[in-house]
Amino acid sequence: MANAGIQLLGFVLSFFGFIGLIASTIMAEWKLSSYAGDNIITAQAMYEGLWKSCVSQSTGQIQCKVYDSLLQLTGMVQGTRGLMVGAILLAGIAILVAMVGMKCTTCLAEDQEQKRKVALTGGIVIIIAGLCALVGTSWYGNRIAKEFYDPFTPTNSRYEFGKALFVGWGSACLTIIGGAFLCCNCSSKGSGKSSRYPPNHSAAPAGRDYV
């Protein structure tokens, strides 16, 4: 049977990864204005996210603007939005499914084989959700790096990795590891099938012959 401790650890890691994916998606600091190079004006800092862009003044005042049109966004932002939202939905559903299949819950307690399959399904979907988030954050980060090292990009238009990217990378890794723990503890060994049939006994013990 699955080790309940490792299974619980996988569930906890997946849950914290799920929370991190939500936080990363709603954060505005996916990319920050770069201060590398000469003649950089530091009176204000600009940063952009998946849903809005913000400008922070040196006085501490922050002004944010939500993107007006979805169709005006670049394909990178639209694709990353879809991957992150999809990862959140998949992870949320998978966590509920995995909860049903965990040994520490009473659901499906009368059918351990079905309970094992439910936990395995939840773990696989959690891994898929983590991969979606990892692809989305890596895609966004790769575009930032390419534009930063592009010699045709103006110095004052270069951006660097924001906090949301690091939160997204860490959360995606937590989700994948948690889903792997849920899957690797769902082996079918020791399922108790060998005890289904009782051992055969002789119909009658060897007795004495009576005349």
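The values are calculated or read from the model by the stated rules, or taken from the named source; none is laboratory data. Fair warning: this is a prediction, and the values are worked out from it, not measured in the lab. Backbone-built Cβ (ideal geometry, glycine too); neighbour counts: all protein chains shown. These area figures cover heavy atoms from the full protein model, side chains too; ligands, DNA and RNA do not enter into them. Shrake-Rupley method; radii C 1.70, N 1.55, O 1.52, S 1.80 Å.
Observations, loosely collected:
- Each label was represented as a point 7 Å from its Cα along the Cα-to-Cβ direction; for residue 26 and residue 78 these points are 2.6 nm apart.
- Extended-chain gain in nm, criterion 0.36 nm per residue less alpha-carbon gap, residue 4 and residue 61: 15.5 nm
- Our estimate of slack between residue 157 and residue 69, defined as 0.36 nm per intervening residue step minus the Cα-Cα distance, is 29.5 nm.
- In terms of the mean number of neighbouring beta-carbon atoms within 10 Å, the peptides 45-58, 10-23 order highest first as 10-23, 45-58.
- Fully extending the segment from residue 150 to residue 184, taken as 0.36 nm per residue of separation minus the present Cα-Cα distance, adds 7.9 nm.
- Counting only protein heavy atoms and a 1.4 Å probe, the stretch 1-131 has 54 square angstrom of accessible area per residue.
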